[in-house]
Structures are given as C-alpha cells and as structure tokens.
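A.B. asks: First the structure, then my questions, so here it is.
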Amino acid sequence: MKCCSTNFVAVVAAIMLFGAVFTLACQISDPHSARRAESVLSHLFGSFRMLIARHTYHEADRYFHQGIGHEEERAFDDPFQLLRRHLSPVGHVHLQGRTAVEIMPWLRWTLRADPTHVEAWLVAAYWLQRDLHRPDLARAVYREAALANPHDYRIFMEWARLLLREGSWGGATRLCDQALARWPSPLTVDDETARLDRARLMEWRGYLWAWLGEREKALQSLEIAQSLRPQHRIIREEIVRIRLAQEIAGVVGPGLLKLRDDDEAAHPPRRRDDHH
C-alpha cells in the first residue's frame, strides 16, 4: 500500500515550504500581516488535516469492503484536488484475509486527525465488538465519541444497540432516550436513514417500556414504529402481546429477545456516499 508516494511527498513538502516562507515574509514586513498569515495557515493546515482523516478512513473502508471503486477522470485539478488524489486510494484493489487488527490503526489515525468523524467512531466500535470480541472497549469508544460529538444521535443509538445485545435493559433505556432527544441531528427530518433510525429507536423504546410495565407508553411507541415500518412482523406481534398480557413488567418479550440474540445490523455503519 503506497500512501506515501513520491508525488504525495512532493505535494506535502511544497505546502510546508510555502507556509514557512509565507509566514516569515509576513513577519518581516508587517506584524499585522503576520497575524493574517497565521489565520491563513490555520485554515490551510485545517483543510490538510481533514484530508488526512478522509484518507485514513478510506483505507479502513478498503479493508472492510475488500476493494474500492474506480476513480472518475477529472479535466482540471486545483491544488487541493491534486493533494486529495494522492491521499485517497485509487484504482480497484482487492485485499484478502485482512482482519480487524489491521483496520484499527487507520481508524485511530482518522480520529486523531478529526474527532468529529462520527462514522469512524462507529466503525471502530463495531469491529471491537464483532471481530475482536471486546465490547468493553466498544463501550469506551462510544463514551469518548459522545464526548467529542455530544449532539449526534447516532452515537447514542449504536451504544444502545450494544447494550440491548448484552441484555442491559436499564442502560439501553437511558441511551435510547438520549438518542431520541438528539434526533435527527446531524441529519434532517426527511433523511431516509434518520427516519429509519427513528423507527428503530421507537421500536426499542416500546419493548423497553413494556419491560418496565408501562403498557400505554409501550403501545404508543410501538404504534409509531409500526407506522414507520408497517411490514415489521415482530412489532405487530408485540403490540398484540402487550395488549392482551395481564403482566408485562419484568417480562423479556420476543422483541427484546430478538435484539439480544439476533443483531439487526450485520455490517458496520456505512458512509453516506458509499455505493458498494
């Protein structure tokens, strides 16, 4: 894997040299210009840091998808497009036999460069749970991700999913509430993914309300979920069970059992621009 090609090194060296010369010239000529230069450089290297984060995340994504798409031809490139082409993987490459151990360093570098890269946090937590069998580390990842991105509902939703799989109903209840309180940020109300996530959260919350013995709240949540996912058989069955059962408090119904024993998400979170 040649992420440090000769062309890439040349482009980075050119940017660093330009920054040093530009700052020195401004400091010699005018202190006020020097402050403006620092602002320009801050923006320049901030953009560079985002490109690094994007590149390392794409490398992790390459491991998972076992290859990448073909690069579209470009008629013209500005300097940042040129740099992006050297940072981002190109060509169609298939990698066999890779493991999560090799994915994690790319994700770690992504998050060091850009802690707001929520998809990278979620993918890291996924691999820690599934391939490395370290749900304790996955919980730590969600905790750190929430500190860095406190308004993103997706972190709290995936954290709740982990606790549901572990049968930790109380913790999952709190996280579902936190996810719903933040929904749909950072997406929009009309976003397809956000709408599906809300349906799932309302479904989970309905099962958890039933476990707490709150019949009316459980039915209200599940009816909302059913309106958003009318073909979901388990939701319909749970609504009937909750209406007819004499005692529901403390009963782990089929909905919770399915969430604990059969994970709904069989793949890590996907990029919004992922078409593989």
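A.B. asks: Would you check which residues across the range 112-121 are assigned to a helix (DSSP H, G or I) and surrounded by fewer than 22 Cβ atoms within 10 Å (Cβ to Cβ) and list them? Show your work before the answer.
C.D. replies: Start the filter on the range 112-121 by keeping residues that are assigned to a helix (DSSP H, G or I), which leaves 112-113, 118-121.
Across the range 112-121, the qualifying residues are 112, 113, 118, 119.
A.B. asks: Can you name the residue in the range 126-136 that is in a helix (DSSP H, G or I) and crowded, with 16+ Cβ neighbours inside 10 Å and is also nearest to the chain's Cα centre (by Cα) among such residues?
C.D. replies: Top of the filtered list is 126.
A.B. asks: Can you name every residue in the range 124-150 that is under 22 Å from residue 177 (Cα atoms), among the hydrophobic types (A, V, I, L, M, F, W, C) and touching a residue at least 12 places away in the same chain (Cβ under 8 Å)?
C.D. replies: Here is the first cut: in the range 124-150, the residues under 22 Å from residue 177 (Cα atoms) are 125-126, 135-136, 138-150.
Narrowing further to those that are among the hydrophobic types (A, V, I, L, M, F, W, C): 125, 138, 140-141, 145-148.
Within the range 124-150, 125, 138, 141, 145, 146, 148 qualify.
A.B. asks: Still on this structure, I have one more. Across the range 204-232, which residue is surrounded by the fewest Cβ atoms within 10 Å (Cβ to Cβ) among those that are closer than 15 Å to residue 174 by Cβ and in contact with a Ser or Thr (Cβ under 8 Å, 6 or more places away or on another chain)?
C.D. replies: 212
A.B. asks: Going through the range 155-172 one residue at a time, which ones are under 20 Å from residue 228 (Cβ atoms) and touching a Lys or Arg at 6+ places or on another chain (Cβ under 9 Å)?
C.D. replies: Across the range 155-172, the qualifying residues are 156, 157, 160, 161, 164, 172.
A.B. asks: Would you pick out the residues in the range 242-262 that are in contact (Cβ under 8 Å) with a residue 24 or more places away in the chain and either surrounded by 13 or more Cβ atoms within 10 Å (Cβ to Cβ) or at positive phi (or both)?
C.D. replies: Of everything in the range 242-262, those that are in contact (Cβ under 8 Å) with a residue 24 or more places away in the chain and either surrounded by 13 or more Cβ atoms within 10 Å (Cβ to Cβ) or at positive phi (or both) turn out to be 242, 248, 250, 251, 252, 253, 255, 256, 258, 259, 260.
A.B. asks: With the requirement that a residue be exposed (fewer than 15 other Cβ atoms within 10 Å of the Cβ), touching a Pro at 6+ places or on another chain (Cβ under 9 Å) and part of a helix (DSSP H, G or I), what does the range 161-192 give you?
C.D. replies: 166
A.B. asks: Out of (1) within 17 Å of residue 256 (Cβ to Cβ); (2) assigned to a helix (DSSP H, G or I), the odd one out for residue 158 is which?
C.D. replies: Exception for residue 158: condition (1).
Each value in this text was obtained by applying a stated rule to the coordinates, not by laboratory testing. Note that the structure is a prediction, hence the values are computed from the model and not measured. Cβ atoms come from the backbone with ideal geometry, glycine included; neighbour counts cover every protein chain shown.
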